Structures are given as structure tokens and as C-alpha cells.
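Asker: First the structure, then my questions, so here it is.
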Amino acid sequence: MFSELSRVALLGGILALDRSAGLNLMIGQPLVGACLAGALLNPGPQWELWALRIPLGVGVLLQLLLTDPSLPAAQRPRDTATAGVIGASVAILCLERLHPYLPLTTGGILWVLVGTIAGLLASVAGGWMEAPLRARNQLSASRGEELLLEGRLAAFEALYWRGVARLFLRGATWSAAATVAGVAAAAVILPPAAQLVTGPRAGLIFAVLLGVAYGAGYHTHVRTPRHGLRWAAMGAIALLLILLHRHGASS
Amino acid sequence: MIGPEPTSAPSPEAARGLRGIDLARVASRSFYIQALFSAERQQGSGFAFALLPVIRRLYSGAAERGRALARNMGFFGTHPVLAGYVLGLTARLEERRARGAPIDDAQIEQAKRSLASPLAALGDPLFWVTLRPLAGLAGILGMALLPLGDSIGPDLRVLVCPLLSLLTYNAVALRFRIVAVPRGYASADEPGKLLRSLRLAELKRFFERVSAFAFGSLAVLTLWPMTESADPAGLGPAHTASVLAPFALGWIGAAVGLRRWPGRNVELALAAALVALILSTRV
């Protein structure tokens, strides 16, 4: 578990830097984070069928659910960078440890659900932790100005790099801690409820959550832009024509 | 033009101009511009940190360098991808000032704000509201479009989908970041012309349409397999309706809920999962 958590922490730290330090290279997006976590935590060939599809499922759901089309100042504080890593890590680690207690015919759907819910909760809790970090940054900025007025440029630079390191460490510790908490919570809740956890139930919840994700996607990509509905209809019709053409050709 | 190039010969100490490598260093540091983000100064500390190679080049004494950086450490807020244009412009003005041009603090501050505010106003809707969601959608579309391959082998989509996202976003954003500082430096006297040449509003409109078009395609790609799912009991349309109903209810619920409570995606998703769990135990 230590080796896996160190990988989760490293990835979480890098993604937190991407989101908060200003890199903004898109690696802090839930889909990317979840897929990278899935690739890093691959539990081996015995889980090959689902091990990589679970992070993809978690990443897709979280990407749609955590995309807010508001301007940043109007958004609720959500830590979307580490949410994907935490969600995918919880799902993969639970798959490995808890699957023998919950042998479902629908296999990975349950773990996609567990990972998605863990990611959603982690995004909210991670967002709460931004406020103390901002307060700390304010103190550092004031100290930085004092150092500059004293002519101590090297000390100012060191102070700034410490701020960068703080972002990394915060992302790393939060990712590892939330993953442990998520796996522990799942281990406490799921095995005693094994009788209740059935394939059709997991499938129903998955379908509803997928619908909510697409509803959120509709809000972001179609409702918010001008003439969005017109362009979405054109995209749907174009693809429908292609699919019907292929369907006709194959039959 | 703010502070024309000085006509009198500068002193040997102040004659050092900025080199390409100094601007490249500023550009590389601009990737960390938000590390000490705070409500009071926003990216002010990061702006000073990014400008440090320029100030080191232009001034010699520690006290002089410190003062030059401190005056650039006040409130500063713009879009992080586009901050390089303001850094380039400021570098040019600081260079002229160091060489003896009559430029005061207020003029530099005024020039910074005149570029930073419109860049924020145009950059946020382009990058945060339009391009970033589109890049995420490109990755999801990759999952729907790429063949599954061997059903028991490794699923390569786990690498291809994030790669598609990264490429979609960075093909646009990284280009801006790389050219921003030199272009801001070169266009310091014509910030209005620089702003117009970026065509940010046009780009936003274009990506909005691509994004909506892609979402329409994704919806069809998702719904098509659902209508063709196995029907062992031979129920026909009733089977299709039962497969689509939970998905459609979730979609409609979220679309209505987000209109009423914008930004509450997480709460709506958790509430929907809870309702579905309760319903599933009763059906």
C-alpha cells in the first residue's frame, strides 16, 4: 500500500501544481488525472479486464460533473485536480481489496460508482482547504515585499519557491490521505452491505449518474454558449447519419 | 508611446539591454505566476517573481533591484495563460526607465492595467469557459470513437483519451504562452493593436460552436448503443424505454437543477445517486 500511496501522492502533488501554481497545462483535469492514476496503479494482469476501464469511467463522469461553465470568480471552490486521482485510486485499490467480498456480474460498474462518489466528495473537501492556503499566501506575499525592500532578492526567490513546494505538498498529502480515507470507508461500508449490492442496483445508479453527467455537460456545452442548441443538433444529426449509413451498409 | 527611447547616451552601467534569454526566463517563470495567489494581490507576487531576470539584468545594486521588484508586486490580476503579454510590456518599460527615459511608477502601473484587464476579460471566457471544457470533451469523445481492441488486453484508451485532451488544450494555450513575452515586449507601444491581433473573442466563438457540435455527437454516440442493448425477454420498445429511462431522468433532472442552482453539480450528482439508491431498493 505504501508504494501505491507514494505514487498517488506524487501524481496528486504534480496535478495540484498544475491547477494552483499557474501551469494550467490541462493535466489537472479529472479525466487526465484519473487515467494517469489508473495507469500508475495498475494492479496486474489478473485485473486486466477492468483495471484500466474503471479509471476511464471515473474520469469521464468526473470530467463532465466537475466542469463548471461559470467564470472562475463565480465558481464554488472545488479541487478538481486531485479529485480525479483520488476517485480513480480509491476505485482501483477497492477493486483489488474488496472485489472478493462483492462478486458482481456487472463487475467494474460498482467500482466506477465508488470512485466517482469518492472523487466528488474529495473535490468538495479539497476546495475547503484552499481558504487556509490563500491566507498563508497572503502572509508570504507581505513577507516577500519586505524582503525586496531590504534588497534580499535571493531570499524572496527562496520564499516563492517554498510557496510552490507548499502547493505540491498540499496536493500530495491530500491525495494520499483522501485515498486512504476513501478505501477505509468503502471497506467499512461495502462488505456488510454485500447482500444489498447487486448488479441491477449498481447499473441503475450508474445510469442515473451518467444521465446527470450528461445533463451537466449539456449545461456547459450547449446551454451556456450562444446558438449552442443549433450546433449540438447539427453534431447529433451528422453523427446519426454516419451511424445509419454504417448500420445500413453492415446489414 | 510611453517613455520614448532616451536620445542621450546612457551611462555604461545602464546601457545593458534585455536579451532573448532574459525574456525566455521570464516566460518560463510565468508558468508559476499563481503560486502565491492571494485575495489582496492576486498574481502580484508571481508577477514580481517572473520579472526577476529582467530586473537582475537592468539594475546592478541589490537595493535598486529590490525597489524595482517591489513596485511590481502590487495587485495584479489577469488570465495566467496571457500574463506573458503584460510581463513583456513591463519588461520593455523597465528597460527604458533603466536607460534613463522619464517613466514613473504610475505610468508603468497604468500600462500594466490597460493590458491586464482586457486580457482577463477575454481570456477567462476563452480558456476557462470554452477551451478547457472542449478539451475534456475531446478526451471523452476519444473514448467513444476509438475501438476497444482486444477485450482482455490492456485498454490503450486510458492513455489516448488524456492525450487527446492535453493536445486539444495545449495546441492553443501553449502557443499563446510561448510567444506572449516577446510579443508583449515588441508591442509595448501599441497595446490596443496587440489586443486586437490576438482575436480572442473570435476564437471563443469558434470553440463554443465546436464544443456544442462535439457534445451533440457524443450524445448520439452514447445513446445509440443503449437502444441496441440485448433484449433477452423480447420486450421491444418497452425494453429500450426501461434502459433509457434512468439515463434520461438523470439528464433532465441535472439540466433543470443546474438552471435553478448553477454550479451545484456535485450536490446534484450526489443527491441523484442517493435517490437512485433508495429507488433501487424499492423496485
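A short reminder: the numbers here are calculations on the coordinates, not readings from a lab. Just so it is clear, the structure is predicted and the values come from calculations on it, not from any experiment. Glycine gets a Cβ as well: all are built from the backbone with ideal geometry, and neighbour counts include every protein chain shown.
Asker: If you scale each eigenvalue of the Cα gyration tensor by 5 and take the root, what three semi-axes come out for chain A, rounded to whole angstrom and sorted largest first? Please report the intermediate quantities before stating the final value.
Answerer: Values: eigenvalues 268, 138, 47 Å².
That gives 37, 26, 15 Å for the three semi-axes.
Asker: May I pose another question? Once both labels are modelled 7 Å past Cα along the beta-carbon direction, what's the A:MET129-A:ARG152 spacing in nm?
Answerer: If labels sit at A:MET129 and A:ARG152, their model points lie 3.0 nm apart.
Asker: Here's a follow-up. Residue farthest toward the positive end of the dipole of region B:62-128, with Cβ of Lys/Arg at +1 and Asp/Glu at -1: which of B:GLN110, B:LEU82, B:GLY100?
Answerer: Checking the options against the dipole of region B:62-128, the answer is B:GLY100.
Asker: Could you give the length gained by full extension between B:ARG67 and B:ALA241, i.e. 0.36 nm per residue of separation minus their alpha carbon distance, to one decimal place?
Answerer: Numbers: separation 174, 0.36 × 174 = 62.64 nm, distance 7.04 nm.
Extra length from B:ARG67 to B:ALA241 when fully extended: 55.6 nm.
Asker: Let me ask something additional. How large is the charge dipole for chain B, taken about the Cα centre, if only the Cβ atoms of Lys, Arg (+1) and Asp, Glu (-1) carry charge, to the nearest 20 debye?
Answerer: So the dipole magnitude of chain B works out to roughly 720 debye.
Asker: Quick one: which residues, 5+ away or cross-chain, put their amide H under 5 Å from the amide H of B:ALA188? H built at 1.01 Å from N.
Answerer: none
Asker: Let me know the shape class of region A:177-251, please: from the alpha-carbon gyration tensor, a ≥ b ≥ c as square roots of the eigenvalues, rounded when a/c is under 1.5, otherwise prolate if a/b is greater than b/c, or oblate.
Answerer: Note, shape of region A:177-251 comes out oblate.
Asker: If you line up the long axis of helix A:199-218 against the longest principal axis of chain A, both from Cα atoms, how many degrees apart are they, to the nearest 10?
Answerer: Helix A:199-218 sits at roughly 60 degrees to that axis.
Asker: Between B:VAL179 and A:MET234, with labels modelled 7 Å along Cα→Cβ, what's the label distance in nm to one decimal, could you check?
Answerer: Calculated label separation equals 2.6 nm.
Asker: Now a separate question. Any idea how far the Cα center of region B:17-93 sits from the one of region B:245-283, in Å?
Answerer: 46
Asker: Hey, another quick one. Across region B:55-186, what fraction of all alpha-carbon pairs, as a whole percent, falls in each successive 5 Å bin from zero upward?
Answerer: So the P(r) values, bin by bin, are 2, 10, 15, 16, 12, 10, 8, 7, 6, 5, 4, 3, 1, 1, 0.
Asker: So if R0 is 51 Å, what FRET efficiency would B:ARG196 and A:VAL180 give, r being the distance between their Cβ atoms, rounded to the nearest 0.05? Walk me through the numbers before you get to the answer.
Answerer: Values: r = 52 Å, r/R0 = 1.02.
Efficiency for this residue pair is about 0.45.
Asker: I need the calculated FRET efficiency for the pair B:LEU167 and B:ASP104, taking r as the beta carbon distance and R₀ as 45 Å, to the nearest 0.05. Show your work: numbers first, answer last.
Answerer: Numbers: r = 45 Å, r/R0 = 1.00.
Efficiency for this residue pair is about 0.50.
Asker: According to a simple spin-label model (label point 7 Å from Cα along Cα-to-Cβ), what is the distance in nm between B:ALA271 and A:ALA249?
Answerer: Distance between the two pseudo-spin positions: 4.6 nm.
Asker: Here is a follow-up. Under the Kirkwood approximation for Rh and a Cα-based Rg, what ratio Rg/Rh is obtained for the protein assembly as shown?
Answerer: My calculation puts Rg/Rh at 1.04.
Asker: Also: Please list, short to long, the whole-number percent of alpha-carbon pairs of chain B in consecutive 5 angstrom bins beginning at zero.
Answerer: With a bin width of 5 Å, the distribution comes to 1, 5, 9, 12, 13, 11, 10, 8, 7, 6, 5, 5, 3, 2, 1, 1, 0, 0, 0.
Asker: Scattering from the C-alpha atoms of region B:222-283 alone, worked out with Debye: what is log10 I(q)/I(0) at q = 0.14, 0.22 1/Å?
Answerer: One equal scatterer on each Cα of region B:222-283 leads to -0.52, -0.95.
Asker: Please give the contour-minus-distance gain from B:SER117 to B:ALA233: 0.36 nm per residue of separation, less the Cα-Cα distance, rounded to one decimal in nm.
Answerer: Once the chain is fully extended between B:SER117 and B:ALA233, it gains 35.5 nm.
Asker: Grab every C-alpha pair in region A:11-121, bin the distances at 5 angstrom width from 0 up to the longest one, and report whole percents.
Answerer: 2, 14, 24, 23, 16, 10, 6, 3, 1, 0
Asker: How large is the dipole of the protein assembly as shown about the Cα centre if only Lys and Arg carry +1 and Asp and Glu carry -1, each at its Cβ, rounded to the nearest 20 debye? Kindly include the intermediate steps, with their values, before the conclusion.
Answerer: Numbers: 49 positive and 31 negative charges, 185 e Å.
Roughly 880 debye for the protein assembly as shown.
Asker: If you don't mind, another one. Taking the Cα of B:VAL160, stepping 7 Å toward and past its beta carbon, and measuring to each backbone N in region A:219-251: which are under 20 Å?
Answerer: Those under the cut-off are A:239-240, A:242-243, A:246-247.
Asker: Next question. Grab the DSSP H runs of chain B that are 4 residues or longer, score each as -39,500 (n - 2.57), total them, divide by all residues and round the 222 nm result to the nearest 500 deg cm²/dmol.
Answerer: -22500 deg cm²/dmol
Asker: Relative to the first principal axis of the alpha-carbon coordinates of chain A, what is the inclination of helix A:2-20, with its axis defined by its Cα atoms, in degrees from 0 to 90 and to the nearest 10?
Answerer: So the inclination is approximately 70 degrees.
Asker: With axes computed from alpha carbons, what is the tilt in degrees of helix B:83-98 against the longest principal axis of chain B, rounded to the nearest 10 within 0 to 90?
Answerer: That works out to roughly 0 degrees.
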